[in-house]
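Q: Sharing a structure with you now.
The values are calculated or read from the model by the stated rules, or taken from the named source; none is laboratory data. Worth saying up front: this structure is predicted, and the values here are computed from it rather than measured. Cβ atoms come from the backbone with ideal geometry, glycine included; neighbour counts cover every protein chain shown. Surface areas here come from the heavy atoms of the whole protein model, side chains and all, with no ligands, DNA or RNA. Shrake-Rupley method; radii C 1.70, N 1.55, O 1.52, S 1.80 Å.
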Amino acid sequence: MQKHFLKSAVASLALLAAAPAALSQELIMGLRAGPDSIDPHWSTLGSQAEALRHVFDTLIDVDDRLQMKPGLAVSWEPVDDTTWEFKLREGVTFHDGTPFTAEDVKFSIERIPEVTGPMPMTLYTKYVDSVEVVDDLTLRVKTKGIAPALPNDFTRLFVVPSETGMEARNEQFNSGEKAIGTGPYRFVSWQPKGDLVLERNDGYWGGAPAWEKVVRKEIPDDAARVAALRSGQVALINYVPASDVLAMKNDKDVETFATDSIYILNIAPNVKDEEPQPITLNGKELEGNPLQDKRVRQALDLAINREVLVNVVLEGLGKPANQLMPEGFFGYSDKIGDKPYDIEKAKELLAEAGYPDGFEVDFTCTNNRVPGDAVVCEALAQMWARLGLKVNAQALNGTVFFPASARQEFTMAMSAWGTLTGEAAYTYGALIRTRDDEKGFGNFNRSGYSNPEFDKVFDQGTQTLDAEERRKLYEEASFIAMEDRALIPAVILQTVWAAEAGALAFTPRVDQETRAYEISPQ
């Protein structure tokens, strides 16, 4: 394997001991997806956050297992039932030399609702009622009722300078004019769907990162990404396709890094009275929406052979999913057992619901969001064909899929969702809770699902400070949603990275992020 992508200066052992970063000049990475904008408040997509956290810090950070740790805030605590106080890090400056203060955090919180991106960041500020600056390093956030999950949400609160101005738009961030953060790297340039170039922030509060320059090359094609690594064009790639994992593990010139992820492929049946794309039988549109019938949703669930999805379609890079979060997360319900595969029972339920001859339905998925999304999409269509359905599967690029999903244009869809905060309020509040713009719930509920029983239990959980009581309520809410097949989880994905053998020290993260400042030369 060629090695010209790792450019190192010659140095003495004394220099190595004194300044190891001086040996590490450039890191070039090949990544499946990059940002859609340099505005950190533009989108909730994981690939967006992963890229931009190199430039902008969040108020609270998380480690590689999603445990909270100090970021720009060094501590946080509730001072009463509806007020959280955050103590901020002293001595931090933005890339232009401006001191970081509580005014910047206040501005960032208040700016988020003003940004009209395709996937609004209001998901992370939904509990905020008002923000008070106590002094330069102290901030108080008043919440809309009790909000025990506020610190979890603020792990995705990117901070920009208050001087940015509410009127700042994408063009100013993308050009670099407003791309000013406190992060470990400074913005140099960005080509949409191309390279994001960064340079080291030597004055970073967390210590200067190892690499003087980082290039994040967006290479969506799996084969091209693998070829870029093998030819030495890049030092590291993410999302190694399942078909290449075994060969790479057996290649002495390549080192692989694998971990379970938090991302789950979920199927969303649209349950509105009028489905966006017609459901038909023999060319005629059916009266009513079959997906409103729980028995139809149960039939879809029972017809999925998750073992085949994991072991054949994904070639072992996954696990069967039985709910919307991985085991161990706050609110995961042990009452929900493994999902059985029972095609005969599925056919019985479909007939009971009045569709013994099945129907024809469109099924839309992403094809570049996470490893295996497109092949799982096609495999599900084939499994449902055994149920008697004609499924028109279509896998779209994320830049097309997500805006259309936000417009609620799909009758049945599938994409990946990760519980990035580690607790149920984030996922169930966004995907399952009845949409409530005033309370900030249901931001990503694209299916029209609404269940008063679920809402009551879930809302009670959001207003409960006692952690164990809150956990029980979220577990009950999880059970209600999964019993009703509000969404149908298919598989939990595993993630594999690859690099030249022995070249890099790298710890894989469950959130799938590839952070250059957490990578160092061996």
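Q: Need the failing condition index for Val55 against (1) within 23 Å of Tyr204 (Cβ to Cβ); (2) open to solvent by less than 10 Å² (accessible area, probe 1.4 Å); (3) modelled with pLDDT under 90, just the number.
A: Result: Val55 passes all but (3).
Q: How many residues does the stretch 477-522 contain that are at positive phi and in contact with a Lys or Arg (Cβ under 7 Å, 6 or more places away or on another chain)?
A: In the first step, residues of the stretch 477-522 are kept if they are at positive phi; the result is 485, 502, 512.
Applying the additional criterion that residues be in contact with a Lys or Arg (Cβ under 7 Å, 6 or more places away or on another chain) yields 485.
Total meeting the criteria: 1.
Q: Restricted to the stretch 379-410, and to residues that are without any contact (Cβ under 8 Å) to a residue 24 or more places away in the chain and farther than 23 Å from Ala430 by Cβ, which residue is surrounded by the most Cβ atoms within 10 Å (Cβ to Cβ)?
A: Checking each candidate, the answer is Ala381.
Q: Would you mention how many residues in the stretch 181-212 are within 25 Å of the chain's Cα centre (by Cα), farther than 20 Å from Gly30 by Cα and open to solvent by less than 40 Å² (accessible area, probe 1.4 Å)?
A: Within the stretch 181-212, residues that are within 25 Å of the chain's Cα centre (by Cα), farther than 20 Å from Gly30 by Cα and open to solvent by less than 40 Å² (accessible area, probe 1.4 Å) number 3.
Q: Against the condition under 18 Å from the mean Cα position of the chain (by Cα) and either closer than 20 Å to Asp338 by Cα or surrounded by fewer than 17 Cβ atoms within 10 Å (Cβ to Cβ) (or both), how does Gln494 come out, does it pass?
A: Working: under 18 Å from the mean Cα position of the chain (by Cα): yes; either closer than 20 Å to Asp338 by Cα or surrounded by fewer than 17 Cβ atoms within 10 Å (Cβ to Cβ) (or both): yes.
So Gln494 passes the test.
Q: Select from the stretch 424-457 the residues that are more than 21 Å from Pro276 (Cβ to Cβ) and among the polar types (S, T, N, Q) and list them in ascending order.
A: Thr427
Q: Given the criteria in a loop (DSSP other than H, G, I, E, B), more than 30 Å from Gly30 (Cβ to Cβ) and touching a residue at least 12 places away in the same chain (Cβ under 8 Å), does Val234 qualify? Please lay out each step first, then the result.
A: Values: in a loop (DSSP other than H, G, I, E, B): yes; more than 30 Å from Gly30 (Cβ to Cβ): no; touching a residue at least 12 places away in the same chain (Cβ under 8 Å): yes.
Against the criterion (in a loop (DSSP other than H, G, I, E, B), more than 30 Å from Gly30 (Cβ to Cβ) and touching a residue at least 12 places away in the same chain (Cβ under 8 Å)), Val234 does not qualify.
Q: Quick check on the stretch 232-255: of everything there that is open to solvent by 40 Å² or more (accessible area, probe 1.4 Å) and under 25 Å from the mean Cα position of the chain (by Cα), which residue is nearest to Val197 (Cα to Cα)?
A: Asp244
Q: So, one more: Might you check whether a residue that is farther than 20 Å from Tyr332 by Cβ, in a loop (DSSP other than H, G, I, E, B) and under 21 Å from the mean Cα position of the chain (by Cα) occurs anywhere in the stretch 497-506? Spell out the reasoning first.
A: Looking only at the stretch 497-506, we keep the residues that are farther than 20 Å from Tyr332 by Cβ, and these are 497-506.
So of that shortlist, the ones also in a loop (DSSP other than H, G, I, E, B) come out as 501-503, 506.
Remaining after also requiring under 21 Å from the mean Cα position of the chain (by Cα): 506.
So far as the stretch 497-506 goes, yes, one or more of its residues are farther than 20 Å from Tyr332 by Cβ, in a loop (DSSP other than H, G, I, E, B) and under 21 Å from the mean Cα position of the chain (by Cα).
Q: Which numbered condition in (1) within 28 Å of Ala258 (Cβ to Cβ); (2) in a loop (DSSP other than H, G, I, E, B); (3) at pLDDT 95 or above is the only one that Gly328 fails?
A: (3)
Q: Now a separate question. Out of everything in the stretch 285-309 that is within 16 Å of Pro489 (Cα to Cα) and outside any helix (DSSP H, G or I), what residue ends up being most open to solvent (accessible area, probe 1.4 Å)?
A: So, considering only residues that are within 16 Å of Pro489 (Cα to Cα) and outside any helix (DSSP H, G or I), the one most open to solvent (accessible area, probe 1.4 Å) is Asn305.
Q: Mind checking whether some residue in the stretch 437-454 is of a type in the set (A, V, I, L, M, F, W, C), touching a strand residue (DSSP E or B) at 6+ places or on another chain (Cβ under 8 Å) and either open to solvent by 20 Å² or more (accessible area, probe 1.4 Å) or not in a strand (DSSP E or B) (or both)? First the steps, then the outcome.
A: Let us first name the residues in the stretch 437-454 that are of a type in the set (A, V, I, L, M, F, W, C), namely 441, 444, 454.
Narrowing the set further to residues that are touching a strand residue (DSSP E or B) at 6+ places or on another chain (Cβ under 8 Å) leaves 444.
Subset that is either open to solvent by 20 Å² or more (accessible area, probe 1.4 Å) or not in a strand (DSSP E or B) (or both): 444.
Looking for residues that are of a type in the set (A, V, I, L, M, F, W, C), touching a strand residue (DSSP E or B) at 6+ places or on another chain (Cβ under 8 Å) and either open to solvent by 20 Å² or more (accessible area, probe 1.4 Å) or not in a strand (DSSP E or B) (or both), one finds at least one in the stretch 437-454, hence yes.
Q: Determine which member of the set Pro340, Pro276 is part of a loop (DSSP other than H, G, I, E, B) and either modelled with pLDDT under 95 or touching a Leu at 6+ places or on another chain (Cβ under 8 Å) (or both). Explain how you work it out, then say what you get.
A: Values: Pro276 fails: either modelled with pLDDT under 95 or touching a Leu at 6+ places or on another chain (Cβ under 8 Å) (or both).
That would be Pro340, the only listed residue that is part of a loop (DSSP other than H, G, I, E, B) and either modelled with pLDDT under 95 or touching a Leu at 6+ places or on another chain (Cβ under 8 Å) (or both).
Q: Please work out if Asn367 is open to solvent by 30 Å² or more (accessible area, probe 1.4 Å) and over 26 Å from Thr44 (Cβ atoms). Can you show your working first?
A: Values: open to solvent by 30 Å² or more (accessible area, probe 1.4 Å): yes; over 26 Å from Thr44 (Cβ atoms): no.
It is false that Asn367 is open to solvent by 30 Å² or more (accessible area, probe 1.4 Å) and over 26 Å from Thr44 (Cβ atoms).
Q: With respect to Ile38, is the statement that it is under 19 Å from the mean Cα position of the chain (by Cα), under 24 Å from Lys144 (Cβ atoms) and buried (at least 18 other Cβ atoms within 10 Å of the Cβ) true?
A: Against the criterion (under 19 Å from the mean Cα position of the chain (by Cα), under 24 Å from Lys144 (Cβ atoms) and buried (at least 18 other Cβ atoms within 10 Å of the Cβ)), Ile38 does not qualify.
Q: Here are some residues: Leu229, Leu265. Which one is open to solvent by less than 30 Å² (accessible area, probe 1.4 Å), over 30 Å from Met325 (Cβ atoms), of a type in the set (A, V, I, L, M) and not in a loop (DSSP other than H, G, I, E, B)?
A: Numbers: Leu265 fails: over 30 Å from Met325 (Cβ atoms).
Exactly one residue qualifies, and that residue is Leu229.
Q: Counting just the residues of the stretch 90-111 that are more than 11 Å from Val159 (Cβ to Cβ) and not in a strand (DSSP E or B), which one comes out most open to solvent (accessible area, probe 1.4 Å)? It would help to see each step written out before you state the result.
A: As a first pass, look at the stretch 90-111 and keep what is more than 11 Å from Val159 (Cβ to Cβ): 90-91, 93, 95-99, 110.
In the following step, the residues that additionally are not in a strand (DSSP E or B) were identified as 90-91, 95-98, 110.
On the way: Glu90: 149, Gly91: 74, His95: 27, Asp96: 91, Gly97: 48, Thr98: 41, Glu110: 73 Å².
Going through the qualifying residues, I end up with Glu90.
Q: Filter the stretch 322-338 down to the residues that are in contact with a helix residue (DSSP H, G or I) (Cβ under 9 Å, 6 or more places away or on another chain) and open to solvent by less than 40 Å² (accessible area, probe 1.4 Å) and list them by number.
A: Quick first cut of the stretch 322-338, residues in contact with a helix residue (DSSP H, G or I) (Cβ under 9 Å, 6 or more places away or on another chain) only: 322-325, 329-336, 338.
Within the stretch 322-338, Asn322, Gln323, Leu324, Met325, Phe329, Phe330, Gly331, Tyr332, Ser333, Ile336 meet the criteria.
Q: How many of the residues in the stretch 237-259 are assigned to a loop (DSSP other than H, G, I, E, B), closer than 24 Å to Lys319 by Cβ and out of contact with any strand residue (DSSP E or B) (no Cβ under 9 Å at 6 or more places or on another chain)?
A: Let us first name the residues in the stretch 237-259 that are assigned to a loop (DSSP other than H, G, I, E, B), namely 238-241, 250-253.
With closer than 24 Å to Lys319 by Cβ added as a condition, the list becomes 238-241, 250.
If we keep only those that are out of contact with any strand residue (DSSP E or B) (no Cβ under 9 Å at 6 or more places or on another chain) as well, we get 250.
Going through the stretch 237-259 one residue at a time, the tally reaches 1.
Q: Sticking with this structure for a sec: Please enumerate the residues belonging to the stretch 415-432 that are part of a helix (DSSP H, G or I) and more than 13 Å from Gln323 (Cα to Cα).
A: Initial filter on the stretch 415-432 (part of a helix (DSSP H, G or I)): 424-431.
Hits for the stretch 415-432 are Ala425, Tyr426, Gly429, Ala430.
Q: I need the full set of residues from the stretch 471-491 which are open to solvent by 10 Å² or more (accessible area, probe 1.4 Å) and assigned to a loop (DSSP other than H, G, I, E, B), in order please. Spell out the reasoning first.
A: Kept after step one, since they are open to solvent by 10 Å² or more (accessible area, probe 1.4 Å), are these residues of the stretch 471-491: 471-473, 475-476, 479-480, 483-485, 487.
Answer for the stretch 471-491, where residues must be open to solvent by 10 Å² or more (accessible area, probe 1.4 Å) and assigned to a loop (DSSP other than H, G, I, E, B): Asp484, Arg485, Leu487.
Q: Can you tell me which residue within the stretch 134-165, out of those that are open to solvent by 40 Å² or more (accessible area, probe 1.4 Å) and either hydrophobic (A, V, I, L, M, F, W, C) or touching a strand residue (DSSP E or B) at 6+ places or on another chain (Cβ under 6 Å) (or both), is farthest from Gly181 (Cα to Cα)?
A: Lys144
Q: Kindly indicate the residue of the stretch 323-375 that is over 30 Å from Lys193 (Cα atoms) and polar (S, T, N, Q) and also farthest from the chain's Cα centre (by Cα) among those meeting that condition.
A: Of everything passing the filter in the stretch 323-375, Ser333 is farthest from the chain's Cα centre (by Cα).
Q: Here is a further query. Can you pull out the residues in the stretch 198-211 that are touching a Lys or Arg at 6+ places or on another chain (Cβ under 7 Å) and without any contact (Cβ under 8 Å) to a residue 40 or more places away in the chain?
A: Across the stretch 198-211, the qualifying residue is only Glu199.
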